[in-house]
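Peer 1: Pasting a structure here, questions to come.
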Amino acid sequence: MEDHLMCRRKRLKRCHKKPVFRQRSAQIQFSDLPVDVLGTILSKLPPKEMVRTSVLSNEWKHIWTVCPKLRFDGAAMCGQDVPGTQHYTRKFIDNVNGVLKQYHGKVVEEFGVKWGLRPDRYRFPIELFEDESISRLQHLQLSFVSFESSSQFCGFPNLKKLDLHVVSVTRKGLEDMLSNCSNLEWLSIVRCHLDNDELRVHRPLPRLLYLHVAYYAMAQGNGSKFSLSKYLQLKFLVSVEDLTNLVSLASFLSAAPFVENLEIHFAICTLPHGSELIRRLPGSTHSYLKNLSITGFAGCIGQVELLLHIVENAPNL
């Protein structure tokens, strides 16, 4: 019995002396990630920091060329150069064009250009985008730039959000853009004057949920169609000539028959004098309109006509 216990102790002792092998988990380096994943991560960085990562590794030298988000800021890209000078403008244009020419990504999710207000605005280089990139673009923000569409331009078929702020564009250019954005859900047009010309969207925007129009030159009988928009926000800087034409804004309601929330913000540069007879437009029921907010109401004849038309034709208000 004692011999058996001694043998067992020796076997246990020898077992404790055997080395124990542990399976070590493989160490994954940041550089081992797929290029498209790296591009997505780097797109979260500011443009300068994103480009600086190219010096960390030869393999990363061209990673920035596939990032899905492109944002160009004149102040950030031109550094200490004096804004407004010819050198400042040329440097910004060369930098933007240089990036676009080197871009090799298959998907551009967001594209933004931020540039100070100047008569010689930067022209958006739509011709540098391939058809595949244009078809996958989902968000587009343009400010203080010029947009000119060519005869081959077919719009942005998968664009969901479009933000235009002080963009120099012709009526035809804007119509071509909007008429070919069938998946648009969010649209903002601010200070995009069309020389008092009328904007017509030849095809409905069936998925539009938000529409923001600010300081838009009014035209009698505007024929835009924003069929399923549920939120409509309008901002107008009203001149003396427009005071008697405010009732034409009702055309925006006709263009968005399913709107539920309507905001109208007026900034009237002068108060009207005298009195006129109130005009009435043909009845057009807005059954879905539930909430109405108006600011800057000064009691001019045009505002009274517009308010009367809305109240009389919105039974659920």
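Peer 1: Would you check if there is a residue in segment 281-291 being touching an Asp or Glu at 6+ places or on another chain (Cβ under 6 Å), at pLDDT 85 or above and exposed (fewer than 12 other Cβ atoms within 10 Å of the Cβ)?
Peer 2: No: zero hits.
Peer 1: Considering each residue of segment 164-182, count those that are assigned to a helix (DSSP H, G or I) and of a type outside the set (Ser, Thr, Tyr), and give that number.
Peer 2: Residues in segment 164-182 being assigned to a helix (DSSP H, G or I) and of a type outside the set (Ser, Thr, Tyr): 8 in total.
Peer 1: Further question: Which ones in segment 154-190 are within 22 Å of Trp115 (Cβ to Cβ), over 13 Å from the mean Cα position of the chain (by Cα) and of a type in the set (Gly, Ala, Ser)?
Peer 2: Ser168, Gly173
Peer 1: Which residues, taken from segment 154-167, are touching a helix residue (DSSP H, G or I) at 6+ places or on another chain (Cβ under 7 Å) and surrounded by 17 or more Cβ atoms within 10 Å (Cβ to Cβ)?
Peer 2: If the condition is that a residue be touching a helix residue (DSSP H, G or I) at 6+ places or on another chain (Cβ under 7 Å) and surrounded by 17 or more Cβ atoms within 10 Å (Cβ to Cβ), then Gly155, Phe156 are the ones that fit.
Peer 1: May I pose another question? Identify all residues within segment 127-163 that are outside any loop (DSSP other than H, G, I, E, B) and among the aromatic types (Phe, Trp, Tyr); write none if there are none.
Peer 2: Within segment 127-163, Phe147 is the sole residue that qualifies.
The values are calculated or read from the model by the stated rules, or taken from the named source; none is laboratory data. Since the structure is predicted, the reported quantities are computational estimates derived from the model, not experimental observations. Note: ideal-geometry Cβ built from the backbone for every residue, glycine included; neighbour counts use all protein chains shown.
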